[in-house]
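Q: Sharing a structure here in structure tokens format.
The values are calculated or read from the model by the stated rules, or taken from the named source; none is laboratory data. Being a predicted model, the structure only gives us computed values, none of them experimental. All Cβ positions, even for glycine, are placed from backbone atoms using ideal geometry, and neighbour counts span all protein chains on display. Ligands, DNA and RNA are excluded from the accessible area calculation, which covers all protein heavy atoms including side chains. Shrake-Rupley method; radii C 1.70, N 1.55, O 1.52, S 1.80 Å.
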Amino acid sequence: MGIKLKALTKSLWVYHLSTGSCNNCDIEILDCLTPRFDLERFGIVLVGSPRHADALLVTGNMTIKSMERAKEVYEQMPKPGVVIAIGTCALNHGVFSGSYVMPKTVDEVLPVDIYIPGCPPKPEGIIAGVAKLLALVKEKA
Amino acid sequence: MEHVFNYLIFPGFLFTAFAGILASWIDRKVTARVQWRVGPPFLQPLYDIVKLLGKETVIPRACSRFTFLLSPVFGLAAVTAVSTIVWKTMLWQNRGFAGDLIVVVYLLMIPSIALIVGGFASKNPIASLGASREMKLMLADELPFLIAVMVPVVQSNGAIKLDQLIAYQHTHGMVVGSISGVLALIVVIITTQAKLTLVPFDIPEAETEIMGGLEVEYSGTPLAIIKLTRMMMLFTLPMFLVLLFWGGVSFQGWSILWSILKYVFFLVLIVLIRNTNPRLRIDQAVKFLWGPVTFIGIAAVVLALMGK
Ligand code: SF4
């Protein structure tokens, strides 16, 4: 494994992108950063600008309005970077399925690398998902 | 040849970079412990820098490329120069030049100026906002800083050479040993907080408010340089304070441990201030720095002139 990739798996800076969630998934993401779960142990830090990010945490339904914005944010993220879809909404619209304002799911708009189901997923679930993703990246390299 | 070696390897760039990475780890670990967390692993800041070096550099279309990419390098060069000068005077006798104190004080300003220029060059409204705040903050913290730096100079009868300051402290006792020294040290620690843009003076960055401010458009290698500059500042500035107020460091026998403790004391003090204070607004910060802090600084200088 190259040193660059190793460094990437050791220090994943995440940018939090909500594309029309009910805000519950977002709260669970923030829970991961609290002292109880403390993601900084793994070098994971929340950043404020997509230009600093290595991973997009996408939550929500991907409404028509947010489709373009989500694409733009993805393009602003310097590569290599990963996309993590969090919550049932981001996977298949969950309780909102059939609504007319959300023709596409997140993975039809962005190249999603890993899905974390749950409505909302527990912080433990999110951490487990990210750990699996990092293991996957290490395996592929 | 010797100068090149000093500048690039020891005690210049390479040494300062590693020490800065270590300092940044201490900073993050202490922060984590204050917040009752475990905190990042030992090499975390190094991983961050290596990762950023390996990433794509996005250059916004509207920005002026040259200024945008070059300004972080100037900041890095300035910090390296400061560290080289400070360490050379502390490690070997008679290596300074007349007026190197003034040069160091000026060079310490350049990282902020470089960031301001880079922020404006990126043509991002948020970065401009951050840059204008940084400019005001600089104006505010420079005045008390300069006044407080005058105290060791006054006490040692107008020495503006760093090794004269050290020599004076070795013969006459530390500057912090006097009332004026203590007051000046308080002023300098507060302004250091502002110079490093740490809470309560992280107004130009304000992650939760203007999303990183000045650095918002930076990515990849330039961002790595900015982060590294910041870490090196975290190492260099407290070291400079140790030199000015606490007699510098020495590396003979057991005093090595004492020297390291001096630096760690300043670092942990800075980190604790940063963790126990809320962020000020820019107008509050200017009022605070130009009001009470400057007043204490002037009082310290007057006391020093009276020989206290
Ligand atoms: S998955 Fe559930 S909790 Fe998450 S945004 Fe959708 S409805 Fe809300």
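Q: Round to the nearest 10 and give me the degree value, 0 to 90, for the angle of helix B:255-275's Cα axis relative to the longest principal axis of chain B.
A: The answer is roughly 50 degrees.
Q: State, as an integer percentage, the relative contact order of segment A:1-105 based on alpha-carbon contacts under 8 Å between residues 6 or more apart.
A: About 31 percent, as a whole number.
Q: Could you tell me the center-to-center distance, by alpha carbons, between segment B:72-89 and segment B:248-263 in angstrom?
A: The distance from the Cα centre of segment B:72-89 to that of segment B:248-263 comes to 21 Å.
Q: Let me ask something additional. What ³J(HN,Hα) values, in whole Hz, does the Karplus curve 6.51 cos²θ - 1.76 cosθ + 1.60 give for segment A:38-49 when θ = phi - 60°, with x put for Gly and Pro?
A: These are the phi-based 3J(HN,Hα) values: 6, 5, 5, 3, 9, x, 8, 10, 8, 10, x, 10 Hz.
Q: Just how large is the dipole of segment B:101-188 about the Cα centre, in debye to the nearest 20, putting +1 at every Lys and Arg Cβ and -1 at every Asp and Glu Cβ?
A: Roughly 180 debye, rounded to the nearest 20.
Q: Using Cα atoms only, what is the angle between the long axis of helix B:162-172 and the major principal axis of chain B, expressed in degrees (0 to 90) to the nearest 10?
A: It is inclined by approximately 40 degrees.
Q: Assuming 0.36 nm per residue, please report the length gained on full extension of the stretch B:T57 to B:K287 beyond their Cα-Cα distance.
A: Fully extending the segment from B:T57 to B:K287 adds 78.9 nm.
Q: Which of the lysines could a cross-linker bridge to A:K6, judged by Cα under 16 Å and excluding same-chain residues fewer than eight apart?
A: Partners found: A:K79, A:K132, A:K138, A:K140, B:K51, B:K55.
Q: Compute the helix-to-body angle for B:65-91: its Cα long axis versus the longest principal axis of chain B, expressed 0 to 90° and rounded to tens.
A: The angle comes out near 20 degrees.
Q: Can I get the semi-axes of segment B:2-305's equivalent ellipsoid? Compute them from the C-alpha gyration tensor as square roots of 5 times the eigenvalues, in angstrom, largest first.
A: For segment B:2-305, the ellipsoid semi-axes come out as 30, 22, 19 Å.
Q: Right, another one. Check each of the GluC sites (Glu not before Pro) in segment A:51-134 and keep only those in coil by DSSP with at most 11 other C-beta atoms within 10 angstrom; list them in order.
A: Qualifying residues, ordered by number: none.
Q: Among the chymotrypsin sites (Phe, Trp or Tyr not before Pro) in segment B:67-129, which ones are in a DSSP loop with at most 12 other Cβ atoms within 10 Å of the Cβ? Mind listing them?
A: Hits after loop and neighbour filter: B:W92, B:F97.
Q: Also: Given a 1.4 Å probe, how much area per residue of segment B:2-305 is accessible, in Å²?
A: Accessible area per residue: 42 Å².
Q: Which aspartates and glutamates have a Cα less than 13 Å from the Cα of B:K88, not counting those fewer than 8 places away in the same chain?
A: Within the straight-line limit of under 13 Å, B:K88 reaches these aspartates and glutamates: B:E2, B:D100, B:D163.
Q: Related question: Express the Stokes-Einstein translational diffusion coefficient of chain A in µm² s⁻¹, to the nearest whole number, given a Kirkwood radius over alpha-carbon pairs, 25 °C and a viscosity of 0.890 mPa s.
A: 162
Q: Please report the relative contact order for chain B, taking Cα pairs under 8 Å with a sequence separation of at least 6, and give it as a percent rounded to a whole number.
A: Relative contact order for chain B comes out at 28 percent.
Q: If each DSSP helix of 4+ residues adds -39,500 (n - 2.57) and the sum is divided by the residues in chain A, what number results at 222 nm, nearest 500 deg cm²/dmol?
A: Using -39500 (n - 2.57) per qualifying helix, the result is -11500 deg cm²/dmol.
Q: Another one. What is the extension gain from B:S250 to B:K136, computed as 0.36 nm multiplied by their sequence separation minus the C-alpha to C-alpha distance, in nm to one decimal?
A: Taking B:S250 through B:K136 to full extension adds about 37.3 nm, to one decimal.
Q: While we're on this one: Report which residues of segment A:1-19 become buried by 10 Å² or more of accessible surface when going from the isolated chain to the complete set of protein chains (1.4 Å probe; DNA, RNA and ligands ignored).
A: Those are A:I3, A:K4, A:K6, A:A7, A:L8, A:K10, A:S11, A:W13, which lose 10 Å² or more relative to the chain on its own.
Q: Sticking with this one: With a point put 7 Å past each Cα toward its Cβ, work out how far A:A135 is from B:I160 in nm, to one decimal.
A: Spacing of the two 7 Å Cα→Cβ label points: 6.5 nm.
Q: Right, something else. Using a cut-off of 10 Å between beta-carbons, work out the net charge of the residues near B:N275 (Lys and Arg +1, Asp and Glu -1, B:N275 not included).
A: My count for the surroundings of B:N275 gives +1.
Q: Express the accessible area of chain A per residue in Å², computed with a 1.4 Å probe while the remaining protein chains stay in the model.
A: 48
Q: Next question, about the same structure. Using θ = phi - 60° and the Karplus form 6.51 cos²θ - 1.76 cosθ + 1.60, what ³J(HN,Hα) does each residue of segment A:12-22 get, whole Hz, x for Gly and Pro?
A: 9, 9, 10, 10, 9, 10, 9, 10, x, 8, 7
Q: Additional query: Please work out the FRET efficiency for the pair B:L146 and B:L14, using the Cβ-Cβ distance as r and a Förster radius of 30 Å; give the result to the nearest 0.05.
A: In this case the efficiency is close to 0.45.
Q: Determine the share of segment B:2-305's accessible area contributed by carbon and sulfur atoms, expressed in whole percent, with a 1.4 angstrom probe.
A: The C+S portion of the solvent-accessible surface of segment B:2-305 is 73 percent.
Q: Still on this model: Can you list the lysines whose alpha carbon is less than 20 Å from that of A:K65, not counting same-chain residues fewer than 8 positions off?
A: Result set, ordered by chain and number: A:K104.
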